[in-house]
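Here's the structure we're looking at; comments come further down.
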Amino acid sequence: MRLWWRFLPLLKPYRGRLLVTFLATLVRPLLNAAKIYLLKLIVDNLAQSPTSQLALIICGAYLLIALVKGGANFVDQYYGAFVGGRMVIDLRQRLYDRFLRLSLRYHGEHRVGESISRLMSDVGAIEDLLVSGLTDGLSQALTVLIFAGMLFSLDPRLALISLLILPFLFASLVVYAQKSRVASREVRTRLAELTSTAEEGFSTIALVKTFMRMEHEETRLRERGMQHWKARQRVATLRGIFVPVSDVVATVGTVIVVYFGAQALATGTLTIGGLVIFLGYLGQLYTPLLGLSRLGNTMQGGFAAAERVAETLDLPESEDEPRAATCPWSVLLPEQAASVPALVFDHVTFAYKAEQPVLRDFSLTVPAGAIVALVGASGAGKSTAVALLQRLYDPDNGRILFFGHDLCEFDTETLRQRLAVVPQEVSLLMGTVRDNIVYGRLDATEEIITRAAQQAGVGEMKLPEGLDTHIGARGTRLSGGQRQRIAIARALVREAPLLILDEATSALDALAEERLRTTLEVLRKRHTILLIAHRLSTVRTADMIAVVDGGRVVEFGNHVSLLARNGAYAALVQAQLSVDVMQQTPMVSPRLPSPSLFS
Ligand SMILES: Nc1ncnc2c1ncn2[C@@H]1O[C@H](COP(=O)(O)OP(=O)(O)O)[C@@H](O)[C@H]1O
Ligand SMILES: [Mg+2]
């Protein structure tokens, strides 16, 4: 019931059309009853006195009924589909919006396939519940009422006797409904798992091929398929048992009527035509009753789906990524803020999972207009610091200040508009190079796009159709370095005060990297740059270098001072150099690819 009230308001915008659909649905049982009644006229009256006038009236009535029913059917189909379809769009939109705002933490714990099945099949099941469920239910309930009324008006005693079987019919129906609710929920869960498995196979297709895991994936899908099949089989078995059982019960009802109806014929309380249509009404009374049970099935599925959708919509706000708070950005224009550091990590502690801190007492100051490099072994926590900076997560302890203001003071939209991030894992969308660059800033002018593309080295990629070249799904038609250049261009079009490059140069060749360094030199006049990199050639030109180890900054200074300090940075550089010597490669030169400092 609670779920009804929850989702019924979705129909509100379409209530006019829904009303028309309802009216059309309600006309049908009336017409069906009238059509059966015509039989009585034929058997009792027309047979007695075959006057052509009565015959004409009956013929006309048949035609009229067919026409009106046809019209009602059209209205029912058309507007039913209209309302249902629009409701699906509205609900799916709301749910998708919710999903997109849920935190990375949430998405990390849930399979994509599950979320998709919630978005698609669960929303569809709610439509069945609200639209076809409501209209079918109403039409069937009305049929039961009208037809039962006809039975009583024909012969109350016979009607009572024939309805004796109803309790039995209902009992079997209730048992069936309960069992099928559980079973159909299982089917949906298994289907979601099946979808997830296939989705994972497709999204890792290159990996599957590299390791020749086709058979393994096939087996996995088959196992899921078997589980799904078993669940469906249970539903089919339940229905397989219920339908014949209710059929037999209904037949018992018919048998009773024939037996007692014959007596009523003899005593003259019922005409032949009366008995014929009595059987007609009775026969068509069971159909909507069984229909109601099938409807029960739809409704069980619908309720199960509605529960899951409501669960997602009702997730507490703590499951969302942080939003909250407002700070007038105007006070933070970079020009005005030049005197305060662009970014301060102030004793930040953070754990993805409780008790396993990834950042411990992480402190770092990035002066406005500077280029600061973060270096350190994989897993040290560099990308995590970038995630916190975007408020993908909030620190457990400590503060992060952005131009002097705690990040919590901004709503995420305001904040992220001021950040341009090239993430460590490049994600590209299906479409052209231009589509992917513009994704960084939807209102970017042609001039900005061209400049960003040029600065990121996209122009040199010798793309067959320039920026309008299609890059395939997830950029599969590009090399790693090419993907990275597009990701950099996408960040550059934002012209945001803080530019963050998280190992954004790892796949670039030396020339492209050199160009990027020149670009950064140009940008630094108006932007602050946080650079996570491994290559010495990139790192050494930064104003400041922070060495991250075990979730904290252990050393901070420029290349020369850190070398002189002879600490962690010097050790890392030394390790780098000895690798160079062993490989007998010339010392780091900006024109040659330099091996990684740390990896
Ligand atoms: N989404 C996540 N959930 C749980 N643990 C994570 C997640 N992302 C990273 N980690 C863990 O946090 C640590 C730091 O990761 P990260 O910040 O990506 O390191 P870096 O970028 O310095 O290589 C790693 O030990 C990693 O296992
Ligand atoms: Mg990283």
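The values are calculated or read from the model by the stated rules, or taken from the named source; none is laboratory data. Because the structure is predicted, anything quoted here is derived from the model rather than measured. All Cβ positions, even for glycine, are placed from backbone atoms using ideal geometry, and neighbour counts span all protein chains on display. Accessible surface is based on the protein model in full, side chains and every heavy atom, while ligands, DNA and RNA are left aside. Shrake-Rupley method; radii C 1.70, N 1.55, O 1.52, S 1.80 Å.
A compact table of results
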| quantity | calculated |
| --- | --- |
| Extreme residue, surrounded by the fewest Cβ atoms within 10 Å (Cβ to Cβ), among residues of region 347-371 that are closer than 25 Å to residue 540 by Cα and away from ligand 2 (no atom under 16 Å from the Cβ) | 363 |
| Matching option when the condition is assigned by TED's automatic domain parsing to the domain that holds residue 548, at pLDDT 85 or above, of a type in the set (Asp, Glu) and more than 16 Å from ligand 1 (Cβ to nearest atom), among 521, 513, 465 | 521 |
| Residue pairs meeting the criteria (Cβ under 6 Å; at least 6 apart or on separate chains; first assigned by TED's automatic domain parsing to the domain that holds residue 173 and under 18 Å from residue 294 (Cβ atoms), in region 224-243; second assigned to a helix (DSSP H, G or I) and open to solvent by 60 Å² or more (accessible area, probe 1.4 Å)) | 238/179 |
| Cβ-Cβ under 8 Å pairs, at least 6 apart or on other chains, region 94-106 side in the same structural domain as residue 391 (by TED's automatic domain parsing), far side part of a helix (DSSP H, G or I) and within 16 Å of ligand 2 (Cβ to nearest atom) | none |
| Total residues in region 360-390, condition out of contact with any Leu (no Cβ under 8 Å at 6 or more places or on another chain) and within 11 Å of ligand 1 (Cβ to nearest atom) | 7 |
| Residues satisfying the stated conditions in region 539-564, i.e. closer than 21 Å to residue 348 by Cβ, of a type outside the set (Lys, Arg) and open to solvent by 70 Å² or more (accessible area, probe 1.4 Å) | 549, 556 |
| Cβ-Cβ under 7 Å pairs, at least 6 apart or on other chains, region 136-156 side without any contact (Cβ under 8 Å) to a residue 40 or more places away in the chain, far side in a helix (DSSP H, G or I) | 152/159 |
| Which listed residue is open to solvent by less than 70 Å² (accessible area, probe 1.4 Å) and modelled with pLDDT of 90 or more, from 283, 268, 274 | 274 |
| Residue 139 vs. criteria more than 18 Å from residue 4 (Cβ to Cβ), away from ligand 1 (no atom under 16 Å from the Cβ) and touching a Lys or Arg at 6+ places or on another chain (Cβ under 7 Å) | yes |
| Failed item in (1) open to solvent by less than 30 Å² (accessible area, probe 1.4 Å); (2) of a type outside the set (Val, Ile, Thr); (3) within 16 Å of ligand 1 (Cβ to nearest atom); (4) modelled with pLDDT under 95, with residue 427 passing the rest | (1) |
| Any hit, region 483-490, residues being touching a Phe, Trp or Tyr at 6+ places or on another chain (Cβ under 9 Å), open to solvent by less than 10 Å² (accessible area, probe 1.4 Å), away from ligand 2 (no atom under 16 Å from the Cβ) and in contact (Cβ under 8 Å) with a residue 60 or more places away in the chain | no |
| Residue ID - farthest from ligand 1 (Cβ to nearest atom), chosen from residues in region 392-402 that are in contact (Cβ under 8 Å) with a residue 60 or more places away in the chain and open to solvent by 10 Å² or more (accessible area, probe 1.4 Å) | 401 |
| Residue check for residue 237: among the hydroxyl-bearing types (Ser, Thr, Tyr), surrounded by fewer than 17 Cβ atoms within 10 Å (Cβ to Cβ) and in a helix (DSSP H, G or I) | yes |
| Matching option when the condition is under 30 Å from residue 203 (Cα atoms), surrounded by fewer than 17 Cβ atoms within 10 Å (Cβ to Cβ) and aliphatic (A, V, I, L, M), among 88, 112 | 112 |
| Index of the failed condition, residue 314 passing every other in (1) modelled with pLDDT under 90; (2) among the acidic types (Asp, Glu); (3) open to solvent by 40 Å² or more (accessible area, probe 1.4 Å); (4) within 31 Å of the chain's Cα centre (by Cα) | (1) |
| Exclusive hit being under 35 Å from the mean Cα position of the chain (by Cα) and more than 16 Å from ligand 1 (Cβ to nearest atom), set 346, 435 | 435 |
| Every pair of residues 6+ apart whose Cβ atoms lie under 7 Å, when the first sits in region 410-435 and is within 16 Å of ligand 2 (Cβ to nearest atom) while the second is open to solvent by 40 Å² or more (accessible area, probe 1.4 Å) | 424/383; 426/483 |
| Region 372-388, subset open to solvent by 40 Å² or more (accessible area, probe 1.4 Å) and in contact with a Ser or Thr (Cβ under 9 Å, 6 or more places away or on another chain), residue nearest to ligand 2 (Cβ to nearest atom) | 378 |
| Residue check for residue 119: in a helix (DSSP H, G or I) and open to solvent by 70 Å² or more (accessible area, probe 1.4 Å) | no |
| Answer residue from region 548-593, given it is small (Gly, Ala, Ser) and farther than 23 Å from residue 366 by Cα and is modelled with the highest pLDDT among those | 571 |
| Residues (surrounded by fewer than 16 Cβ atoms within 10 Å (Cβ to Cβ) and in contact (Cβ under 8 Å) with a residue 60 or more places away in the chain) located in region 8-25 | 8, 13 |
| Members of region 122-159 found to be over 23 Å from residue 90 (Cα atoms) and among the β-branched types (Val, Ile, Thr), listed by number | 143, 144, 146 |
